[in-house]
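Working notes, beginning with the structure itself.
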Amino acid sequence: MIKELHIGRQPLSVCVPVNHKVTLSVRAEGSGLLSYQWFTDDDQEVPGGTQPDLTINAIKTQRYVCRANDYYCNCVFSKWVKVKVWDIDKSGLPAHWQGELHIAVNPKPQTIRPDRKLTLSCVAFGIPAPEYQWYRNGLPLLNMTGDTLQIDCATAAHAGSYLCSLSNKLQEIWTRAVDVDVVCAEQNTIEGLIRVSALLFVLATDKVALLIGNLNYSNHPSLMAPIMDVHELSNLLQQLGFRVVSLLDLTREEMLAAIEKFIQLLDTGVYGLFYYAGHGYECSGRNYLVPVDAPQPYQPENCVCVQRVMFQMQQKQTALSVILLDTCRKWYNQDRIPSVIMPQKPVGNTVYGYGTCEDAEAFEVQEGVKSTGIFTKYLNKHILQSDKVTHVLEKVSEDLGRDPLVTGKQAVEIKHTLKEPLSLADPVCSAGHTKELHLRDVCWRQANELPRKKRLRFLCGVEVEVGFSALFSNVLVAFATVKTVGPRTHDCTVALSSIPPLEDIFSGPGRSEEMDSLLFNNSNNPDCSVRICALQKLKESLIIKVDLHYTHTVSKLRQTECQHVDTGRPLVASCKLYRGGSHAATPKKHEGASAQSGGRVSGSKATVAGPRRPFTRKAECAAKVAATRSNEPEENDENELCDFSPP
């Protein structure tokens, strides 16, 4: 039977610095022995380009295509691909660069007069080549998808904060956000002086953020939104210059250990930001975050107290301490009068941004295949703006207040002690703090370091490249691509697995395929991939098992070879959060506490039913559930009401 000749895997465009060695790969499938010939865009055959893999030394930008022929004189062409070559300064490129996205040129701020031309440019290297999408004030600009953004006749409407997203099928990075001002000559002079004066007084020595999203609860309703909320906010904060650690599904011990590591990164002059999305509640004026292992009913000792986190941040003498909570604040033990939340020390420059007001729920909504917390939805819309942080939160509050889905149900609350007009977009100046910056850099890189790519050669002659990317600091994606086919092999496939096996939290019950594809779209490049979650639980080296399956051309038998890649302890696994810290403790049992309940917990982050959400997962209040006892978290620790010292 003659098999139809077709291209099974297309080559990929690349963008590289001059004189970089590049390999273009194509795979055709058909009957019998196949032959290949590569061509350039001037219809010239590439000398020696008769293999499925073409290795060239990139000298100039050029397009390539490959023709595959079978034994029956049939032929098929691959798609055209471009090798884009930039002859620019590459001093910032890692010494052993292997194709990961790297920004070589960031856009620069612009101050122009009306009716003048506006031009912003950025350059990035990448294999595959990056795609560009420009944004203004956090919103994508239609048809602005090149490395240069140009507006021939700028008006006041074109002023704002600009940045560019650079992405391929393996990862996404962002340029720095830059301001574009369109002003007349008089305004240009005055506002320039004001801006320079402000920069002289408002500078951060560094910016650090910890983001936690809890969604897969052992004893309480699961959530959908924290995945995208944490993922998108992490990207936006990185654009603002924050060092970000983002974590999903933490137990109480892991939350406390992560917070302790976060506190270690703070110091004098640093901007610190803590964000949480998940279940929570409020009791006696204090806010509690519910870990994924919290029992039902839970008690304060099973949860994490927000005010203790702020206390620890203030002890580090940060220049700005921000806590953003997208969680419920329903009151429990309502016979007690809630205390007023006040800063533990009168040091100032603290900000609480609550997704909802006291004794109210916070909602998440599904729009198409995307779930998001309503508070975080509007927070992400405004967070890149260079306004004072409280002004940004006020805009979030106004937008949420106009949302008909939560009218009368949810309202943002802001509490702060700001003494200066501080913004999350303030620039970083490490002068005089280089030693502390170096120590923070080492600690931060420890939680974000990816394993290096590795090329494996199997006994049959097949070569497989194994690479890695990260969506969160505790979620690793490993992917494999067959780079070279052996002389006596065909129909090669590859499979990946991890040792020890770690749960894929994105494939649990209730997780749609659309959500998976939205987060991890690796379908066109790697031959296979595997998601490895909950890296914070890893107590030993992570081994990636690579199984190669192929058909031997002589024996016609299906055969398998296996190799292992030792990745060590990647990303947050190197921080050993499972050991806990000085705050980790085994919860004591309170007499009379019950581990079961007749209904669902009422301290949940609820889900809105509406025109953008075809179903609801709102948790019911305990009063509405038939049960033998109250479903409220018990409050047995009297010291919690007045003790603000660290646990």
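The values are calculated or read from the model by the stated rules, or taken from the named source; none is laboratory data. A quick note: this is a predicted structure, and the numbers were derived from the prediction, not measured. Quick reminder, even Gly has a Cβ in these numbers, built from the backbone with ideal geometry, and neighbours come from all protein chains shown. Ligands, DNA and RNA are stripped out before the accessible areas are found, and what is left, the full protein with its side chains, is counted by its heavy atoms. Shrake-Rupley method; radii C 1.70, N 1.55, O 1.52, S 1.80 Å.
One table, with the values for the structure above:
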{"item": "Strands (runs of 3 or more DSSP E) (entirely within the stretch 1-45) containing at least 1 residues that are farther than 30 Å from K556 by Cα", "result": "14-17, 21-25, 35-40"}
{"item": "Looking only at the stretch 235-283, and only at residues there that are farther than 16 Å from Q312 by Cβ and β-branched (V, I, T), the one that is least open to solvent (accessible area, probe 1.4 Å)", "result": "V244"}
{"item": "Options L118, L93; residue that is touching a helix residue (DSSP H, G or I) at 6+ places or on another chain (Cβ under 9 Å) and touching a residue at least 24 places away in the same chain (Cβ under 8 Å)", "result": "L118"}
{"item": "Of the criteria (1) assigned to a helix (DSSP H, G or I); (2) open to solvent by 30 Å² or more (accessible area, probe 1.4 Å); (3) in contact (Cβ under 8 Å) with a residue 12 or more places away in the chain; (4) not acidic (D, E), which one H391 fails", "result": "(3)"}
{"item": "Filtered residues of the stretch 130-148 (kept if crowded, with 21+ Cβ neighbours inside 10 Å and either assigned to a helix (DSSP H, G or I) or of a type outside the set (F, W, Y) (or both))", "result": "P130"}
{"item": "Positions within the stretch 485-504 being touching a residue at least 24 places away in the same chain (Cβ under 8 Å), in a loop (DSSP other than H, G, I, E, B) and either in contact with a Cys (Cβ under 8 Å, 6 or more places away or on another chain) or within 30 Å of A573 (Cα to Cα) (or both), in sequence order", "result": "V485, G486, R488, P500, L502, E503, D504"}
{"item": "Residue that is most open to solvent (accessible area, probe 1.4 Å) [pool: residues in the stretch 149-165 that are under 24 Å from A104 (Cα atoms) and without any contact (Cβ under 8 Å) to a residue 60 or more places away in the chain]", "result": "Q150"}
{"item": "Residues of the stretch 18-38 satisfying the condition of being open to solvent by 30 Å² or more (accessible area, probe 1.4 Å) and more than 35 Å from the chain's Cα centre (by Cα)", "result": "E29, G32, L33, L34, S35, Y36"}
{"item": "For A177: the one exception among (1) at pLDDT below 90; (2) surrounded by fewer than 24 Cβ atoms within 10 Å (Cβ to Cβ); (3) in contact with a strand residue (DSSP E or B) (Cβ under 6 Å, 6 or more places away or on another chain)", "result": "(2)"}
